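Beneath this line is the structure, given in structure tokens, with notes to follow.
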Amino acid sequence: MATRSRIGIQIGDKVHHIYCHWDGYPEGVGNELVTRFNSRELAEGLIKLGNRSWLVQPEGYTPASDELYDEPAEIVSKEYWSDYTIHTRCGEEYVYEWRDDVGWIVYDVYNGERYPLTVMK
């Protein structure tokens, strides 16, 4: 079963964001964001890759053709992005956002909690 997530970063007055299908929970995608994409430059580079099946594809895994996403990042206003209810359209359970002042934050769609991300075990 997929744990879907959305990942975004504000660039200028817009938010660029992508969808990630697998391992969206903080111990999965969250850890990858904190350890591999831990700067604005790296976060922007990730977003430029577009929607993802996996944030980082598991070693030795070959995705089926219907698991490949090649859509570019969506670009929305900051106001639109801030309404986290929009992120449930694909069943997203977690929303991640890069913020220059704190790094990655995560919003848990189901319990309404929002908190800065740290490496989770």
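The values are calculated or read from the model by the stated rules, or taken from the named source; none is laboratory data. None of these values were measured; they are calculated from a predicted model. For neighbour counting, all protein chains shown are included, and Cβ atoms are generated from backbone atoms with ideal geometry for every residue, glycine included.
If the Cβ limit is 9 Å and pairs must be 6+ apart or interchain, which residue in region 9-26 that is of a type in the set (Ser, Thr, Tyr) pairs with which residue that is at pLDDT 90 or above and in a strand (DSSP E or B)?
So the pair list comes out as Tyr19/Ser5; Tyr19/Arg6; Tyr19/Ile7; Tyr25/Ser5; Tyr25/Tyr94.
Would you please name the residue that is modelled with the lowest pLDDT, looking only at residues in region 62-117 that are at positive phi and part of a loop (DSSP other than H, G, I, E, B)?
Among those residues, the one meeting the criterion is Gly91.
Mind checking which residues of region 30-49 are among the aliphatic types (A, V, I, L, M) and more than 15 Å from Pro116 (Cβ to Cβ)?
Across region 30-49, the qualifying residues are Leu42, Leu46, Ile47, Leu49.
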